[in-house]
Amino acid sequence: MTDTDQAAPGRRDRKKAQTRAALTAAALRLVAERGLEHVTVEEISEAADVSSRTFFNYFTCKDEALTDDPALDGNPVVARLAATPAQVPTLQAVRLALDEAIDTIQADRELWRLRLAVITQNPALLPRLVSGNIATERAMVSVIATRLGVGPDHGLPPLITAVTSAAFHTAMLRWSAGDDTRPLRDFVDEAFSAVAAGLPDPPSPS
């Protein structure tokens, strides 16, 4: 096999990632400008300079182009959680497992700000976003149960999963809105620290 042959798959993968990103960016921009019901797959494809047939090589529908993102793939998060040493407290282990996703999302801040704004403006998209997390959350519950040495019916693993998921989503919403330019990592750390502290009331204004 020549060096050119070995490099070809890498180039193809990069090209696919670029096309997918262009379609996502076009979909989000058009929906932000016109509204969800006033944008077609054909218009998204044209804005991304590809055919509608190419669009369907990447997404099954318009809504999927708006909500799906490689950074939301939970498999790496679950794998890192499972690989974290057992002596690391579970809450901290979940936080560490999110590191790569946090960095990936941070690198595309403007795209994510637009995506979250579009979802906020079009609540019909929320079930699709949430449904994509169900399999990941089930896998996390299983891994956490194993870490804690409890059975699958114990109440703590799903509670930890739900609370950490809510902490992460809250951090993302705070990071994507307003004028605070701190990185996503700061917001996530702040949310997880609040959970670890038992969600105390903030200090009273002096």
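Does at least one position in region 19-42 carry a residue that is under 19 Å from Ala166 (Cβ atoms) and in a helix (DSSP H, G or I)? It would help to see each step written out before you state the result.
The first filter runs over region 19-42 and keeps only residues under 19 Å from Ala166 (Cβ atoms), leaving none.
No; the residues of region 19-42 include none that is under 19 Å from Ala166 (Cβ atoms) and in a helix (DSSP H, G or I).
Among the residues of region 145-160, is there at least one that is loosely packed, with under 12 Cβ neighbours inside 10 Å, modelled with pLDDT of 95 or more and either outside any helix (DSSP H, G or I) or of a type in the set (Lys, Arg) (or both)? Yes, the conditions are met somewhere in region 145-160. In the condition set (1) open to solvent by 50 Å² or more (accessible area, probe 1.4 Å); (2) without any contact (Cβ under 8 Å) to a residue 24 or more places away in the chain, Gln106 is compliant with all but (2). Within region 62-79, the set of residues being open to solvent by less than 40 Å² (accessible area, probe 1.4 Å) and touching a Ser or Thr at 6+ places or on another chain (Cβ under 8 Å) comprises Lys62, Ala65, Leu66, Asp69, Ala71, Gly74, Val77, Val78.
Checking the structure you have, find out if any residue of region 47-58 is of a type in the set (D, E, K, R), open to solvent by 60 Å² or more (accessible area, probe 1.4 Å) and free of Cβ contacts under 8 Å to residues at least 60 places away in the same chain. Yes, that holds for at least one residue. Within region 163-206, being within 15 Å of Arg113 (Cα to Cα), free of Cβ contacts under 8 Å to residues at least 12 places away in the same chain and open to solvent by 50 Å² or more (accessible area, probe 1.4 Å) holds for His169, Asp179, Asp180, Thr181, Arg182.
Among the residues of region 80-98, none qualifies, meaning not one is more than 26 Å from Leu159 (Cβ to Cβ) and either within 16 Å of the chain's Cα centre (by Cα) or not β-branched (Val, Ile, Thr) (or both). As a summary of the residue check, Leu125 satisfies the conditions (1) more than 15 Å from Ala101 (Cβ to Cβ); (2) open to solvent by 60 Å² or more (accessible area, probe 1.4 Å); (3) touching a residue at least 60 places away in the same chain (Cβ under 8 Å) except for the one numbered (2). Residue check: Trp112 meets all listed conditions (1) open to solvent by less than 20 Å² (accessible area, probe 1.4 Å); (2) farther than 16 Å from Val188 by Cα; (3) at pLDDT below 95 but one, namely (2).
The values are calculated or read from the model by the stated rules, or taken from the named source; none is laboratory data. These figures come from a predicted structure and were not determined experimentally. Cβ atoms come from the backbone with ideal geometry, glycine included; neighbour counts cover every protein chain shown. For the accessible areas, the whole protein counts, side chains as well, though only heavy atoms, and no ligand, DNA or RNA atoms are used. Shrake-Rupley method; radii C 1.70, N 1.55, O 1.52, S 1.80 Å.
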